[in-house]
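**Q** Let me begin by handing over the structure; questions about it come next.
All of the numbers you see were taken from the coordinates with simple rules; none came from a lab. Please read these numbers as outputs of a predicted model, since none were measured by experiment. Here Cβ is always computed from backbone atoms with ideal geometry, including for glycine, and neighbour counts include all displayed protein chains.
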Amino acid sequence: MRAIVQDSYGSADVLRTARIEQPGIADDEVLVRVRAAGLDRGTWHLMTGKPYLMRVMGFGFRRPKNRVPGVDVAGTVVVIGSAVTRFAVGDEVFGMSRGSFAEYAAAREDKLAHKPANASFEQAAVVGISGGTALQALAAGRVQAGQRVLIIGASGGVGSFAVQLAKAAGAEVTGVCSTDKLGLVTGLGADHVLDYTVDDFADGPHNYDLIVDIAGNSSLSRLRRALTPTGTVVIVGGESKGPLTGGIGRQLRALMLTPFIGQRLTGLASKQRASDLNILADHLAAGTVTPSIDRTYPLEQVATAMRHLDAGVVKGKVAISI
C-alpha cells in the first residue's frame with residue numbers, strides 16, 4: 001500500500017511516500033480502507049519527537065515507534081477481528097487509528113464510530129482528536145445552558161469544535177482569535193468575537209462562568225480576572241514549546257492554586273474513546289456541529305500540509321484525502 005513513513009524525528013522533511021505492507025490487526029481491531037485522514041497538533045509533536053517527555057512515555061526514544069504517522073481517520077471497514085461486534089465489513093467509520101496517513105490503517109473497535117451519512121469522509125476524518133478534546137474540555141468545565149463561556153483559540157482545530165459544542169449546550173459563547181479569523185468564528189455561531197490584537201478579554205465589562213483556554217499563554221491571574229467569583233478555567237493548550245515537558249507548568253500551578261480560592265482552575269489530558277465519537281456523530285447528523293476544513297491535501301502532500309499547520313495560519317482543520 002502507499003503510505004507516508006518517517007524513520008526519524010524532525011521537521012516535515014522527515015516524511016516521505018513509500019510502498020509498504022498493509023498492517024495486521026488484532027482480535028479487537030478492524031482494518032480500514034482509509035478515505036481521508038486529519039491533522040492535529042499531537043501528530044505534529046509525534047513527528048518532531050518534542051517535547052522529549054513523549055519519548056520517555058513510550059512513543060519511541062530514538063525514532064517513532066509507529067513508522068506511519070497519522071491518528072484521525074475515516075474510511076470503510078474491509079476486515080474485522082474475531083472479537084469485533086460493533087462493525088461489519090463495508091461499514092463507513094471514523095475515529096482514531098494507527099497510521100492513518102496510508103491507504104489502509106488498523107484501528108481498535110473502541111476508538112471508532114459509524115460515520116453519519118450526511119458527513120463527507122474529509123469532514124469525519126478531522127473530528128476524532130480535536131472534537132473529542134473540545135467535548136472533554138467542556139465536560140471538565142461543567143458547561144451549562146445560559147452560562148457565559150469564553151473560548152480562547154476559537155479558530156483552531158479544538159476551538160472550532162468547542163464554539164459549536166458550547167452553543168449546542170445552550171451557552172452564550174465569546175470566541176477569541178486573530179483579525180483574519182473573525183469571520184470564521186462568527187460563522188461557527190459565536191455570539192461575540194474578540195480580536196486578541198485589539199481586545200483584552202480580561203479588561204472588558206464581562207466576566208465568564210467558564211473559560212476554555214486553548215491558545216496563548218495568559219497568566220493565571222489574567223484568566224482569573226475574566227472569571228466570575230465561582231467560575232472555571234480549563235487549560236487545554238497554549239503552553240510554551242519547551243523541549244523537555246512542553247511547558248505544563250501553568251497547568252500544575254492551576255491545580256495547586258485551586259484549593260485556596262473560590263474559582264476552579266484545571267487542566268485537561270484528553271483521552272480517545274468511542275463514547276465521545278458517538279456523541280460527536282449525533283451532532284454531525286443533527287447539524288449542530290459542522291467541521292470547518294481550511295484545506296484538503298492529497299496523501300503525497302502530507303509534508304506540505306504539516307508545514308501549513310506549523311505556520312499557525314490554519315482556520316479550523318486540515319484534511320488529507322486518500
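**Q** Given the rule -39500 (n - 2.57) for each run of at least 4 DSSP H residues, summed and divided by the residues of the chain, what is its mean residue ellipticity at 222 nm, to the nearest 500 deg cm²/dmol?
**A** One gets -7000 deg cm²/dmol as the mean residue ellipticity at 222 nm.
**Q** Rounded, prolate or oblate for segment 130-267? Axes are the square roots of the Cα gyration tensor eigenvalues, ordered a ≥ b ≥ c, and the cut-off for rounded is a/c under 1.5.
**A** rounded
**Q** At q = 0.13 Å⁻¹, what is the base-10 log of I(q)/I(0) for the chain according to the Debye formula with one equal point scatterer per Cα and no solvent? Please give it to two decimals.
**A** -0.94
**Q** How about Lys115: which aspartates and glutamates have a C-alpha closer than 14 Å to its C-alpha, ignoring those fewer than 8 places off in the same chain?
**A** Partners within reach: Asp72, Asp91, Glu92, Asp276, Asp282.
**Q** Let me ask you something else. Name the most mobile residue of Val289, Val34, Val89, meaning the one with the largest mean-square fluctuation, in a Gaussian network model of the chain with Cα contacts below 10 Å.
**A** Val89
**Q** List, in order, the whole-Hz ³J(HN,Hα) value for each residue of segment 215-226 obtained from phi through the Karplus relation with A = 6.51, B = -1.76, C = 1.60 and θ = phi - 60°; use x for Gly and Pro.
**A** Working through the residues one at a time gives 9, x, 9, 4, 5, 4, 5, 5, 4, 5, 4, 8 Hz.
**Q** Hey, can you grab everything whose amide H is under 5 Å from the amide H of Gly216? Only 5+ residues off in sequence or another chain; H modelled, so Pro and N-termini drop out.
**A** Residues meeting the criterion, in which the H sits 1.01 Å from N, are Gly238.
**Q** List Ser97, Ser321, Ser82, Ser160 from most exposed to least, where exposure is judged by having the fewest other Cβ atoms within 10 Å.
**A** With the fewest neighbours first, Ser97, Ser321, Ser82, Ser160 line up as Ser82, Ser321, Ser97, Ser160.
**Q** Now for a different question. Of Ser155, Pro69, Val32, whose Cα points farthest to the positive end of the dipole of the chain (charges on the beta-carbon: +1 Lys, Arg; -1 Asp, Glu; origin at the Cα centre)?
**A** Positive-most Cα among the choices belongs to Pro69.
**Q** Let me know the charge dipole size of segment 130-267 about its Cα centre in debye, to the nearest 20, where only the beta-carbon of Lys, Arg (+1) and Asp, Glu (-1) is charged.
**A** Here the size comes out at about 440 debye.
**Q** Also, I was wondering about something else. Residue separation times 0.36 nm, minus the C-alpha to C-alpha distance between Val198 and Lys271: what's the value?
**A** Stretched out fully, the Val198 to Lys271 stretch lengthens by 22.8 nm.
**Q** With a/c under 1.5 counting as rounded, go ahead and sort segment 108-167 into rounded, prolate or oblate using the C-alpha gyration tensor (a ≥ b ≥ c being the square roots of the eigenvalues; past the cut-off, prolate if a/b is larger than b/c, else oblate).
**A** The shape class here is prolate.
**Q** Hey, another quick one. Give the long-range amide H neighbours of Leu268: residues separated by 5 or more places, or on another chain, with amide H under 5 Å away, using H modelled in the peptide plane at 1.01 Å from N.
**A** Residues meeting the criterion, in which the H sits 1.01 Å from N, are Ile235.
**Q** Which value results for Rg/Rh of segment 255-309 when Rg is the Cα radius of gyration and Rh the Kirkwood radius based on the inverse mean 1/r?
**A** Over the Cα atoms of segment 255-309, Rg/Rh equals 1.19.
**Q** For the chain, return all DSSP H helices satisfying: extent of Cα atoms along own axis at least 15 Å; mean Kyte-Doolittle hydropathy at least 0.5.
**A** Passing helices, by number: 128-140, 157-168, 274-286.
**Q** If amide H atoms are built 1.01 Å from N in the plane of the peptide, which residues on other chains or at least 5 residues away come under 5 Å of the amide H of Arg16?
**A** Hits under the 5 Å cutoff: Val5.
**Q** Ok, one more. Using a Gaussian network model of the chain with C-alpha springs under 10 Å, which one of Leu39, Leu150, Leu268 is most mobile by mean-square fluctuation?
**A** Leu268
**Q** When a/c reaches 1.5 or more, the comparison of a/b and b/c decides; with that in mind, is segment 31-179 rounded, prolate or oblate per its Cα gyration tensor?
**A** oblate
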